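Heads up, the thing below is written out as structure tokens.
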Amino acid sequence: MKNGLKVLRAERDWSQAELADRVGVSRQTINAIETEKYDPSLTLAFSLSSLFAMPLEAIFFPNGKRD
Amino acid sequence: MSKQSSRILSDDAVILALGLFWLLLYFAVRFFLEANPDLARGMRLGLAFLPTPLFALFLWRFIQGIRSADELERRIQLEGLAIAFPLGVLLLTTLGLVQRAVELNFQDWSYNHVWPFFIFFYIFGQAFARKRYL
């Protein structure tokens, strides 16, 4: 699934490991989401949504593009 | 390295060590039984089950490791096992059919020879799943 995770992370100047620590997953998981190899669980998606203080649809784009 | 990554690696080291200890004990018992065919039956059976508690400990830690892993690692483990298990079933059923078709030499195709294939299937399944996600 396309997502804006990499951009949001870069805006905050966080490394993948730093973001991973903040949501309690491995760096590999963040990398796999950013490279669209893995779609996060609902729990992780909500954690990211809460961390970035943005709605899910502003982070993840299931239709393949930003609305 | 994130905290989650380092915790997984630490768990991996313990699980790997337990697996290697079990393997060493297995081969030690196997060679001892082969070298001492005159031991009493009860003693031989007792020795045959000697590695079992260590394997149970390994299995317990392995399951704990998977439970404590993050969601991507759990997905990889699941896909790896989903590949390895059917391959194991395929091996056993095919060997069963081959055994009915022709006479297999016990020295070449006994329980002693089949189980390492399951470890190979697990490693293959893991590699396949990791290639997809990492």
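The values are calculated or read from the model by the stated rules, or taken from the named source; none is laboratory data. Fair warning: this is a prediction, and the values are worked out from it, not measured in the lab. Every residue, glycine as well, gets a Cβ built from its backbone with ideal geometry; the counts of neighbours run over all protein chains shown. To get the accessible areas, we keep the full protein, side chains included, count just its heavy atoms, and leave off ligands, DNA and RNA. Shrake-Rupley method; radii C 1.70, N 1.55, O 1.52, S 1.80 Å.
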For segment A:24-44: of the residues being farther than 21 Å from residue A:63 by Cβ and either at the interface with chain B (Cβ under 7 Å from one of its Cβ atoms) or not in a helix (DSSP H, G or I) (or both), which is most open to solvent (accessible area, probe 1.4 Å)?
A:27
Please give the number of the condition residue B:65 fails out of (1) farther than 27 Å from residue A:45 by Cβ; (2) in contact with a helix residue (DSSP H, G or I) (Cβ under 6 Å, 6 or more places away or on another chain).
(1)
Residues of segment A:45-67 satisfying the condition of being of a type in the set (A, V, I, L, M, F, W, C), open to solvent by 70 Å² or more (accessible area, probe 1.4 Å) and over 18 Å from residue A:27 (Cα atoms):
A:53
Name the residues in segment B:88-134 that are of a type in the set (D, E, K, R) and more than 14 Å from chain A (Cβ to nearest Cβ), would you?
B:100, B:103, B:108
Out of all the residues in segment B:76-86, is one or more charged (D, E, K, R) and loosely packed, with under 13 Cβ neighbours inside 10 Å?
no
Mind telling me which of the residues B:13, B:17 ends up being open to solvent by 50 Å² or more (accessible area, probe 1.4 Å) and either among the aliphatic types (A, V, I, L, M) or modelled with pLDDT of 95 or more (or both)?
B:13
